[in-house]
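Data block below; observations after.
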Amino acid sequence: MSANSHTILIVDDIRKRRLHLKTMLLERGDSVLETDTTEAALELLHSAPVGLVITETELPTRSGLYLLQEIKQRHPETEVILTTHNASSFSLLQALRHGAFDFIVRPIDTSEILFNVVDRAFAQIDLRLQNQALLAQLEHRNQELTQALTMMTALSEAIEKINSAIEVGDLLNRLLDAALSALHVKRGLLSLIRANGRSHFGIKISRGLSADFAQKFTEQLPEGLLLDIARSGSPLVVPEQLPDYMSDRVTSDERPLLETPGLLSVPLYLRDKAIGVMILFGHDDNAPFTQQNLHFLVQLAHHAAIALEKSGIIHQLKKQGKNGHG
């Protein structure tokens with residue numbers, strides 16, 4: 001809740017009346033500002049918006065009714081209470097028609113009436129702020145649900161493409177392409193373990209990388225951030241800029257890949273054995289990567305492992321079939 005939502009501005013050209021109202025409001029702990037003209041009030045509201053304005057109807061240049069109309073046009077969420085010595089039905093109707101919260105007849109001898117109206121105005125402000133907060137939460141939740149549905153649909157489509165592949169090379173190409181397409185990523189690579197152990201990762205497939213880089217590190221990723229990520233064996237999301245401890249590990253060869261903020265990485269397994277890593281760099285519209293994006297990638301890698309196992313079984317069956325036929 002904004003601190004300005006419970007600040008009161010008193011507008012009256014008679015200093016004695018302003019001081020009388022201000023004293024009563026300060027006694028109950030309200031934050032109070034004051035001014036003596038419509039023009040000064042509008043200027044103050046422009047620089048320091050407040051939640052509630054209490055204005056005299058009869059002001060020296062422009063009337064309180066004019067001020068009410070201007071406030072409602074420029075600051076529609078600010079509540080306005082008018083004070084006057086003449087509460088005619090016409091003036092009351094005019095004030096309410098233009099959005100006044102309420103009307104108080106002078107002289108205000110006791111604080112009871114004033115406090116009652118002010119409390120109701122603040123309650124109205126608080127309720128509106130609460131409703132706005134709830135609406136914002138609902139809109140955010142709706143966006144999350146929409147994004148989740150989009151990701152589920154994209155995951156289903158990606159899995160279907162991967163499952164339709166029979167050859168391992170085709171499957172891995174489809175895996176990387178599906179990840180890039182679904183997550184709107186600019187570039188990525190798929191690196192496989194090239195020898196026994198967990199330290200030798202060579203680039204198997206890449207998209208958006210220079211041919212020189214991909215060819216140079218076919219057998220072994222350079223010592224640096226990419227190899228650190230590959231060796232970690234853990235899913236990773238960097239929403240935007242790399243933290244210092246990671247950027248310090250970026251080599252001159254890797255730097256062109258990591259100019260665009262954001263990074264996603266997921267290890268690849270086959271029968272619970274690590275076989276490689278998929279690393280993606282940079283969102284197409286420079287939006288930050290999210291945990292939802294990482295969850296999608298983890299699920300995709302899981303289904304890829306199942307498809308790889310199926311592909312291996314098919315390969316063995318084909319091999320046995322050929323040997324049996326021979």
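The values are calculated or read from the model by the stated rules, or taken from the named source; none is laboratory data. Source: prediction; values computed, not measured. Because the Cβ atoms are built from the backbone with ideal geometry, glycine has one as well, and the counts that use them run over all protein chains shown. Accessible surface areas use protein heavy atoms only, side chains included; no ligands, DNA or RNA. Shrake-Rupley method; radii C 1.70, N 1.55, O 1.52, S 1.80 Å.
Numbers at a glance
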read-out	value
Cα-based convex hull, region 69-125, per residue volume (Å³, whole number)	74 Å³
Region 234-247 - phi-based ³J(HN,Hα) in whole Hz, Karplus 6.51/-1.76/1.60, Gly and Pro as x	10, x, 8, 10, 10, x, 9, 6, 5, x, 4, 5, 8, 5
Region 40-57 - phi-based ³J(HN,Hα) in whole Hz, Karplus 6.51/-1.76/1.60, Gly and Pro as x	5, 5, 5, 5, 5, 5, 5, 8, 9, x, 10, x, 9, 10, 10, 10, 5, 6
Accessible area (Å², 1.4 Å probe, nearest 10) - THR251	30 Å²
Assigned charges on the beta-carbon of Lys, Arg, Asp, Glu; the chain dipole about Cα centre (debye)	1540 debye
Accessible-area composition of the chain, carbon plus sulfur, in percent [1.4 Å probe]	53 percent
Full-stretch length increase - ARG62, ASP284 - with 0.36 nm per residue and alpha-carbon distance subtracted	74.5 nm
Which of ASP119, ASP102, ASP272 is most accessible, then next, and so on - probe 1.4 Å	ASP272, ASP119, ASP102
Local electrostatic count, THR290, Cβ distance below 14 Å [Lys/Arg +1, Asp/Glu -1]	-3
Principal-axis tilt of helix 15-27 within the chain, Cα atoms, nearest 10 degrees	50 degrees
Solvent-free Debye scattering, log10 I(q)/I(0), computed from the Cα coordinates of the chain at q = 0.08, 0.09, 0.13, 0.14 Å⁻¹	-0.61, -0.65, -0.88, -0.98
Along each principal axis, Cα extent of region 43-84, largest first, Å	23, 17, 15
Heavy-atom accessible area ranking, 1.4 Å probe, most first, across ILE162, ILE193	ILE193, ILE162
Residues of the chain: accessible area per residue with a 1.4 Å probe, Å²	55 Å²
Gyration tensor verdict on region 176-282 (Cα atoms; rounded if a/c is under 1.5, prolate if a/b is larger than b/c, oblate otherwise)	rounded
Positive-pole candidate from ALA179, ASN116, GLN220, dipole of the chain, charges at beta carbon	GLN220
Max mean-square fluctuation residue, GNM over the chain, Cα-Cα springs under 10 Å, options GLN299, GLN241, GLN73	GLN73
In order through region 202-211: 3J(HN,Hα) via Karplus (6.51 cos²θ - 1.76 cosθ + 1.60), integer Hz, x for Gly, Pro	x, 6, 8, 9, 8, 9, x, 8, 5, 4
Rg/Rg_ref, region 1-124, where Rg_ref = 2.2 N^0.38 Å and atoms are Cα	0.94
Centroid-to-centroid separation of region 141-170 and region 237-277 [C-alpha atoms, Å]	22 Å
Calculated diffusion of region 102-157, Stokes-Einstein form, Kirkwood radius summed over Cα pairs, 4 °C and 1.567 mPa s, µm²/s	86 µm²/s
Interchain or long-range residues, amide H under 5 Å from LYS204's placed H	LEU190, SER191, LEU192
In Å², nearest 10: area of SER63 left accessible to a 1.4 Å probe	50 Å²
Full-extension gain in nm, ASP30 to LEU96, via 0.36 nm per residue minus C-alpha separation	21.3 nm
